[in-house]
Each structure stands twice: as structure tokens, then as C-alpha cells.
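What follows is a set of notes on a single structure, which appears directly below.
Derivation of every value follows stated rules applied to the coordinates shown; laboratory data play no part. Everything numeric here is computed off the predicted structure, so don't read it as measured data. Don't worry about glycine lacking a Cβ; one is built from the backbone with ideal geometry, like all the others, and counts go over all protein chains shown.
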């Protein structure tokens, strides 16, 4: 390479161009940098690391298959493994809005790895002939995308989800059998315990976890070895299965080569499915966040059932105001995840015949969705749920005046008579027990047993009563 002050001359099949003397990339990366001034945001670090793992695994297999000499294979493995560990992170600057196959990012990796490997080994290492041996951007990028998704789920998303569930379960248990007014349509309904309410949230998250884990089974099927269109042209017949095996050894995840590599290049329904499960998790989390906001509302003019930890002043003009900032941040993040799923859904059907051409977008949006969900779930667990405090007085006062408690009298005095008692109690703002003593014809002992809010949290017909219907 002929060097000049501040830059050097690189070449590719389209000719020569200038590249910064300090850059580790080559001509094709430079062309992409010159062409794509779109968002100013490069591909995610997690994707770059996954891509480097694919390159290292490919070199391992090509070396074992004797299609790449041992010295070059070892040099490529060392360089790619270092990048997968975070080295040279600043050498991957290409904008995420680039060629739809991700060819620019693939060549960015090929060129940087070749440069680092050649410098360390004093060998001639070509980005296409050696680093990209047996590969195409069309199978490498979809493979790296799936490796990234599986690893991020394993490292960040699923642990954060498990931590939130554990925190909800622990806090729900600690709140014990404290009974509160249930609500349907935002209106007073039958009572339940805080433990039951928290338990519903935990069950939602357990279902979300199961759906995500099930989706990941299909994401672990890698189209590597399909090369350009799925036929496997220029790849050793054992290459794809070998790379999947090498990636499994490197990551601890159980990857396998896709049974049909044509599908893996042309369609990404498995990733759309995974995104759909992230969307469903966002829906569950927004429900939990909004429940917390309602329960925390007030403290005087709202429900005022709980107090969330006071984390920061809530107003620049109203002294003493404190807002539920963590649930609010959670809900915004969930809204973004829902929007990302819409983008991924559009991306999943964008392409023709043998190739989808929105791979960088899918990679970036899957990464962003997982990171948003993981971060906000951790914040919700540690900065909101763990510090929830019940406002016992408000909860008890609302429960005593809940006219819907008369539902328990239906089997004994009938629906219409119970409805009259409920309406009178509401109109006169009196406890249901007091009105029922006057209008039901039942004695106080029976009414206290039938209208015991704690007993009503167990369901049943005429629970605790004698006589029944």
C-alpha cells in the first residue's frame, strides 16, 4: 500500500481511493462510509461482536477442512476473537442504514480482521479470499443477526425478566394478605389481596418468558453455508454444520444449521416471531407500569393505595411534588418496543425471491428492543417494586365503603335486593355492612361473615354462609 501524509491508498474491484492512515478498514468500508451519511448511528456493538464470532468460527472450520492453511486460519481466529471481545470497536463506523443485505458491514469485518491478522502474523491475508472464505454477506449477516439475538436474550433480557419476576414475587409475599378493592372498568369490584394482584403480574411475565424461550428455539437455526442464494456455492459441504457447531462451543448456546438455507436467506419469520414476543412482553410491562401509576396516584386526590419510592423532585414549579418516574420511563420504552416491532414486521416482508434486504434494520431494532426491555425491567424491579409501600389507611377506607361487597349476598338475598343495598350505600356514602343491617333482614354475625373482605378473596358461592341460595 502506497502511504501518503494522513492517508493511504487502498483498492478494490472498483479502483483506488483514500483511506485514513490510522484506519484498519479497506476500500469497501471506506466507500460505505462515503455513501451512507444517514443516521450517524453505527451498527450495534452486540451485532459487531456476533459477526466477529461468526468469522472466527468460519476460520476454525475452514482450517479443519483444510481449505484454509493453518497459519492463516489461526491468525484470523485470533483477530476475530479479539474483536468479539470488544477490541477495535471504533473500527466499525458504518451507518446502520446501508445496503439491505448488510454487505458493507460484512466487508467492514472482513477488512478489519484481515488487517489485524496480517499485521500480527506477517502473512498476506485477503478479506474476501481468506476471511470471507466459504461465505456470502447473504448468509453471514442473517447468521450474525441470530447469534446476536440469542446471546442478548441469554445475557441481558432473560436474566432481567427473571429478576423482575423474583422481585415481584418477593414483594407480593411480603405484602401478605392485605386486602384491597379490586377494579374492573376502573370501577370498584370484588376485593383481592395485594399478593394476588402482584401474582397476576408475575404470571404475565412467566408466560412472556416461556414464549420468548420457545421462539429462540427457531432463531438458533442458522442459514450459514447457504452463501449467495441458499445453494451453498463456493462453500465446503460440511462448512455450515461445522460453523454452527463452532458457534455453539464458543457461546454455550445450541446453534444448528438451518434445514433449509433458502428460507434462512429469503425470509426471517423466526425473527419477526421473536420480535412479536418482545412486543407481547412490552404489552405486559406497560400494563404493570400503568397499574402502578394508578395505584400510586394522588397522594390525596387519586387512589393513593401505594407509595412508590421517591426518586427525584417531580416539578420545576410545584414544590414537594413527586412523580412515578420509573413506571413512566417503562411505559415510554414499551411504546418504543411496540413501534420497533411494527418496523421489524415491515422489514420481515421486504425483499424479493431469494433475499431479504432489510437485515441491518432488523438487527438494530431487535437489539434496541432487547436492551430497552432489559434495562427498564431492571429499573422497575430495583427502583419501584422493591420499595413499594402500602397506604393501609386509604386501602381500608375504600374497602369498607365498597358497595360491590354486596355481591357476596346474592346467593342469600338475591341479586335485586343486593343491588338496592349497594346503590343506597353508595348514595349515602356509608359502609355496606351498615346499610345491609337495615335492609337485608340478616343478623350482624351473618353479615360480618358474608361481607368479610378477606374471605371474599377466596371466591366460592355464599362463602362462609349457612343456607345458601
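May I ask you to compute the full-extension gain from residue 368 to residue 241, defined as 0.36 nm times their residue separation minus their alpha-carbon distance, rounded to one decimal in nm?
42.8 nm
Sorted from fewest to most neighbouring beta carbons within 10 Å, what does the list 269, 95 look like?
269, 95
Which of the peptides 179-188, 379-388, 135-144 is most tightly packed, and how do the rest follow, judged by the mean count of other Cβ atoms within 10 Å per residue?
135-144, 379-388, 179-188
Can you pull the one-decimal nm distance between simple spin-label points at residue 155 and residue 233, each 7 Å off the Cα toward Cβ?
A separation of 3.5 nm, rounded to one decimal place.
Once both axes come from the Cα atoms, what is the angle between helix 45-64 and the longest principal axis of the chain, in degrees from 0 to 90, rounded to 10?
Helix 45-64 sits at roughly 50 degrees to that axis.
Relative to the compact-globule scaling 2.2 N^0.38 Å, provide the ratio for the alpha-carbon radius of gyration of the stretch 401-456.
Compared with the compact-globule rule of thumb, the stretch 401-456 sits at 0.95.
Any idea what angle helix 194-219 forms with the longest principal axis of the chain, computed on alpha-carbon atoms, 0 to 90 degrees, nearest 10?
20 degrees
Order by neighbour count: 38, 306, fewest other Cβ atoms within 10 Å first, most last.
Going from least to most buried by this count: 38, 306.
Take the Cα of residue 119, step 7 Å along the line toward its Cβ, and report every residue of the stretch 80-96 whose backbone nitrogen sits under 17 Å from that point.
Taking a point 7 Å out along Cα→Cβ of residue 119, the residues of the stretch 80-96 whose backbone N falls under 17 Å are 80-93.
Kindly provide the Kirkwood hydrodynamic radius of the stretch 266-311 in Å, to one decimal, from all pairs of distinct alpha carbon atoms.
Result for the stretch 266-311, one decimal place: 12.8 Å.
Calculate, for residue 162 and residue 346, the FRET efficiency according to 1/(1 + (r/R0)^6) with r their C-beta to C-beta distance and R0 30 Å; round to the nearest 0.05.
Taking R0 as 30 Å, the efficiency between residue 162 and residue 346 is 0.45.
So, in Å, what gap is there between the alpha-carbon centers of the stretch 28-68 and the stretch 69-98?
Going from one Cα centre to the other spans 7 Å.
Could you compute the FRET efficiency for residue 419 and residue 315, with r as their C-beta to C-beta distance and R0 at 56 Å, rounded to 0.05?
0.85
Pulled fully out, how much extra length does the chain show between residue 11 and residue 426, if you take 0.36 nm times their separation in residues and subtract their Cα-Cα distance?
Roughly 141.1 nm would be gained on extension.
What FRET efficiency, computed as 1/(1 + (r/R0)^6) with R0 = 35 Å and r the Cβ-Cβ distance, is obtained for residue 39 and residue 218, rounded to the nearest 0.05?
FRET efficiency, residue 39 to residue 218: 0.75.
Using Cβ counts within 10 Å as a stand-in for footprinting exposure, how do 51, 161, 192 rank, fewest first?
192, 161, 51
Suppose each label sits 7 Å from its Cα in the direction of the beta carbon; what would the residue 87-residue 69 distance come out to in nanometres?
2.2 nm
What is the chain's relative contact order, in percent, from Cα pairs under 8 angstrom and six or more apart in sequence?
Once divided by the residue count of the chain, the mean separation gives 15 percent.
For the stretch 246-318 and the stretch 115-168, what is the centre-to-centre distance using only Cα atoms, to the nearest Å?
That distance is 23 Å.
Nearest 10 degrees is fine. How inclined is helix 269-296 to the longest principal axis of the chain, computing both from alpha carbons?
The angle comes out near 40 degrees.
Out of all Cα-Cα pairs in the chain, roughly what percent, to the nearest whole number, are more than 45 Å apart?
Counting every Cα pair in the chain, those more than 45 Å apart make up 33 percent.
Beta carbons within 10 angstrom, averaged per residue: use that to sort the peptides 325-333, 224-232, highest first.
Packing proxy ranking, top to bottom: 224-232, 325-333.
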